[in-house]
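The values are calculated or read from the model by the stated rules, or taken from the named source; none is laboratory data. Note that the coordinates shown come from a computational prediction; the quantities given were computed from them, not determined experimentally. Here the Cβ positions follow ideal geometry from the backbone for every residue, glycine too, while neighbour counts run over all protein chains shown. Please note that ligands, DNA and RNA were not included when accessible areas were found on the heavy atoms of the full protein model with its side chains. Shrake-Rupley method; radii C 1.70, N 1.55, O 1.52, S 1.80 Å.
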Amino acid sequence: MIVSRREAWLGRALLVLLMAVTVVPFISLFVTALHKPGTYPSGLAWPETPYWSNFVDAFQAADMWALLWSSFLIELGVVPAALLIATLAGFSLGHLRPPGHRWIFLAFVLGLTLPFQAIIVPLYYQMRDMQLLNTRWAIILPLLGLYMPFAVMWMRAHFVTMPPDLSEAARIDGANTWKLFTRVHVPLSRPALSSLGILMFLWTWNQFLLAVVLVDDPKNRTMAGALGAFQGQWGTDIPLLCAGSLLILTPTLLVFLAFQRQFVSALMQGALKG
């Protein structure tokens, strides 16, 4: 496809603009985190004396070692289970297509329209009646339900695009439904599974509302719940809050950078098939 010089420059300008919109908030966080604790910096002015110790103080103030372990346990309870359930449901709706599969799929679509904030109050009372408040299960179980509509639609979209000839050939060779699923479709679903796993890892790691509302003990929260440690009775320590935010963001950035090829591969695979 031939692109004119004007269109090329316009595309580059838009990319630079989008990059600036994305990078500037991180620069603002980093610069603010280097100011003196207890101050209220404004703008992007570099401090005369950078307080690099703010990152150590923020790490200790939020007890992030305990939060790292808690976040790991929550991730371990959410991501594998959500991937398993979504893969099974997506395979059923996208490939097996049982009677009524269209209505089931419609129910998942309607689940995407449900505002998360609208169910936080009834969810609180439900967790209280189940005696799960102030435990990690109060975060794990709701997240599994909240992720299902998107995760099932994601995996269904993958299985719908799979060639039916593969299944027919496996059936001729004597494969039953379970072998067809485990030995044919799941190995071919690795890009979709890896990208979905990355998304759910990031969403779970950054979960703040559930952690604050349903769990009182900071050591049972996610890493994002550590932000409450920098808010006192009379105010908020802005530099320490920014330093803590950067520390919380760092693992998610490392995970995305480590698996960005798989993520892009899954997106490109869906784009080519669609």
Quiz item: What are the semi-axes of the equivalent ellipsoid of the range 1-153, taken as the square roots of 5 times the eigenvalues of the Cα gyration tensor, listed largest first and rounded to whole Å?
Solution: 40, 31, 14
Exercise. Compute the length gained on full extension between Phe208 and Leu44: take 0.36 nm times their separation in residues and subtract their Cα-Cα distance, giving the result in nm to one decimal.
Key: 56.4 nm
Quiz item: Dimensions of the range 66-177 along principal axes (Cα, Å, largest first)?
Solution: 53, 31, 20
Quiz item: Å³ per residue of the Cα convex hull, for the range 33-97?
Solution: 144
Practice problem: Can you sort Thr49, Thr204 by 1.4 Å-probe accessible area, starting with the largest? | Solution: Thr49, Thr204
Quiz item: Using Cα pairs under 8 angstrom and six or more residues apart, how large is the relative contact order of the chain, in percent?
Solution: 32
Quiz item: Quick one: accessible area per residue over the chain, 1.4 Å probe, rounded to a whole number of Å²?
Solution: 60
Quiz item: For the range 155-248, what value does the Rg/Rh ratio take when both radii are computed over Cα atoms and Rh is the Kirkwood radius, given to two decimals?
Solution: 1.31
Quiz item: From the backbone phi of the range 159-172, what are the Karplus-calculated ³J(HN,Hα) couplings (6.51 cos²θ - 1.76 cosθ + 1.60, θ = phi - 60°) in whole Hz, Gly and Pro given as x?
Solution: 5, 5, 7, 6, x, x, 4, 4, 5, 5, 5, 5, 5, 5
Quiz item: Among Val264, Val31, Val212, what's the order by accessible area (1.4 angstrom probe), most exposed first?
Solution: Val264, Val212, Val31
Quiz item: If you project the alpha carbons of the chain onto the principal axes, what extent comes out on each, in Å, largest first?
Solution: 73, 64, 30
Practice problem: Just the number, please: carbon plus sulfur as a percent of the accessible area of the chain, 1.4 Å probe, no ligands or DNA/RNA counted. | Solution: 68
Practice problem: Assign unit charges at the C-beta atoms only (+1 for Lys and Arg, -1 for Asp and Glu), then state the dipole size of the chain relative to its Cα centre in Debye, rounded to the nearest 20. | Solution: 880
Self-check item: Value of Rg/Rh across the range 171-221 [Cα atoms, Kirkwood radius]
Solution: 1.33
Exercise. Tabulate in residue order the Karplus-calculated ³J(HN,Hα) for the range 210-222, using 6.51 cos²θ - 1.76 cosθ + 1.60 with θ = phi - 60°, rounded to whole Hz; enter x for Gly and Pro.
Key: 4, 5, 7, 7, 9, 10, 7, 7, x, 6, 9, 9, 7
Practice problem: Taking amide H positions as placed in the peptide plane 1.01 Å from N, state which residues far from Thr236 in sequence (5 or more) or on other chains have amide H under 5 Å from it. | Solution: none
Quiz item: How much of the calculated P(r) for the range 96-233 lies past 23 Å, in percent of all Cα pairs?
Solution: 51
Exercise. For the range 65-71, just list the computed ³J(HN,Hα) in residue order, Karplus coefficients 6.51, -1.76 and 1.60, θ = phi - 60°, integers in Hz, with x standing in for Gly and Pro.
Key: 5, 5, 6, 4, 5, 5, 5
Exercise. For helix 260-273, report the angle its Cα long axis makes with the longest principal axis of the Cα atoms of the chain; keep it between 0 and 90° and round to the nearest 10°.
Key: 40
